[in-house]
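Asker: I'd like to ask you about the structure that follows.
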């Protein structure tokens, strides 16, 4: 995964945490549930796209 994509997805994850905290503070269960689903979706994308693999980005190496 390119560094820019990783940073972008981490920012999406951070925004999910901000909305989660706002939902908790407001007591709005719909916002809380939506934020949790959004955060899980971001994590699933990061994990399945190989963001946490060791050895750098293998998808951009030739061969």
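Asker: P(r) of the range 3-53 in 5 Å steps, Cα pairs, percent per bin?
Answerer: Bin by bin from 0 Å, the calculated values are 4, 24, 27, 19, 13, 8, 4, 1.
Asker: Follow-up question, since we're still on this one. For residue 53 and residue 28, what does the FRET efficiency come to when R0 = 35 Å and r is the distance between their Cβ atoms, rounded to the nearest 0.05? Before the final figure, lay out the partial values.
Answerer: On the way: r = 37 Å, r/R0 = 1.05.
After rounding, the FRET efficiency stands at 0.45.
Asker: Quick check: pseudo-label points 7 Å beyond the Cα along Cα→Cβ at residue 3 and residue 18, how many nm apart are they?
Answerer: 2.4
Where a number appears in this text, it was derived from the coordinates with a stated rule and is not lab data. None of these values were measured; they are calculated from a predicted model. Heads up, the Cβs are rebuilt from the backbone with ideal geometry, glycines too, and the neighbour counts pull from every protein chain shown.
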